[in-house]
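Have a look at the structure below, then the notes.
The values are calculated or read from the model by the stated rules, or taken from the named source; none is laboratory data. All of these numbers come straight from a predicted model, not from anything done at the bench. Glycine gets a Cβ as well: all are built from the backbone with ideal geometry, and neighbour counts include every protein chain shown.
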Amino acid sequence: MTESIGTGSTNPTVIFLANLRDQAWFQNFIIVIILAAGVLVGIQTYPSMVAKYGTTMDLLDSIILWIFVAEIVVKMGAEGSKPWRYFFDAWNVFDFLIVAVCFLPIGAEYVAVLRLARLLRVLKLVKALPKLQILVGALLKSIPSMFYIALLLFGLFYLYSVLGTFLFQANDPVHFRDLQTAHLSMYRVSTLEDWTDVMYINMYGCDEYGYDETSTHPCTQPQAYGWIAAFFFSSFVLLATMIILNLFIGVIMTGMEEAQGDVRKADAQAAGAGESTADRIARILATLDVLKDELADLAVLSEEEES
């Protein structure tokens, strides 16, 4: 967390930069520039617009880039004689890297990389908007738990893909001709994208449902699996979609609560750091007075109950 002016510096330039950094209009201006950078990158995807306004777009892109450089200079300058403190905040490091990439000596053959770097500047919105920071923080906190859920989900996909290949390979070569194709088909089923079509093909046979003369892989060995196919796909949807995938939501919600708790804790620490000793003593005394009144009320109630 960046320290406020209270680092003890009396340099007027440092004080000015610190005040500028903390101004709401300055932060809102940076947000507007980030949005403008996103719109500009989107316009550059139209060749006709680039051919017509290419020079103007390059000029605007340079202006936006130097505004971001100025933002970094302001924030580093606000740290006074310790500009490296700017990098103590991971979000500042993220901002710095995005801007630095745009200055890499990239040749014409790597213009796509430069465009990607420009597109990454839109991600600065994550730094600029605290609510987005909470969301990203929640996702980062959820990664360890999500990893184990992903392992469980992969095991389920692998089990059903192998079983599906053994059962339905001959009847349904489009979806189960080999293990990797079966795995992709099971992913499609887990997203509920026309999953009943895949089920009906194997319930009724490829000669009765889903296949025709234009199919890439013709139906040569039709076989209807009936309730076996129905149970296979229904159980997979129940396990993969209704249960395991919902575990991801639960983990993310837990991470969201933890991230919000961290933000509240940081705000409380920041408020305590900015509180003077006299104010802190007054707040503690006021709390003691409240507790004293409550104890007196409890004593009165106790006496009344005994009488």
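Here is a list: 158, 211. Which entry is assigned by TED's automatic domain parsing to the domain that holds residue 243 and either modelled with pLDDT of 90 or more or assigned to a helix (DSSP H, G or I) (or both)? Steps first, please.
On the way: 211 fails: either modelled with pLDDT of 90 or more or assigned to a helix (DSSP H, G or I) (or both).
Just one listed residue meets the conditions, 158.
Only one residue in 240, 224, 229, 182 is at pLDDT 80 or above and not in a helix (DSSP H, G or I). Which one? Working first, answer last.
Details: 240 fails: not in a helix (DSSP H, G or I); 229 fails: not in a helix (DSSP H, G or I); 182 fails: not in a helix (DSSP H, G or I).
Selected residue: 224, the only one of 240, 224, 229, 182 that is at pLDDT 80 or above and not in a helix (DSSP H, G or I).
For residues that are more than 30 Å from residue 209 (Cβ to Cβ), in contact with a Phe, Trp or Tyr (Cβ under 8 Å, 6 or more places away or on another chain) and of a type in the set (Gly, Ala, Ser), tally how many sit in region 146-174.
0
Restricting to region 192-219, name every residue that is surrounded by fewer than 16 Cβ atoms within 10 Å (Cβ to Cβ), without any contact (Cβ under 8 Å) to a residue 40 or more places away in the chain and among the polar types (S, T, N, Q).
Matches in region 192-219: 196, 214.
Quick one: in region 161-179, which of the residues that are of a type in the set (S, T, N, Q) and assigned to a helix (DSSP H, G or I) is farthest from residue 220 (Cα to Cα)?
Going through region 161-179, the residues of a type in the set (S, T, N, Q) turn out to be 161, 165, 169, 171.
Add one more test, that the residue is assigned to a helix (DSSP H, G or I), and what stays is 161, 165.
Details: 161: 21, 165: 16 Å.
The extreme case among them is 161.
What is the one condition in (1) under 29 Å from the mean Cα position of the chain (by Cα); (2) loosely packed, with under 13 Cβ neighbours inside 10 Å; (3) modelled with pLDDT under 85 that residue 8 does not satisfy?
(1)
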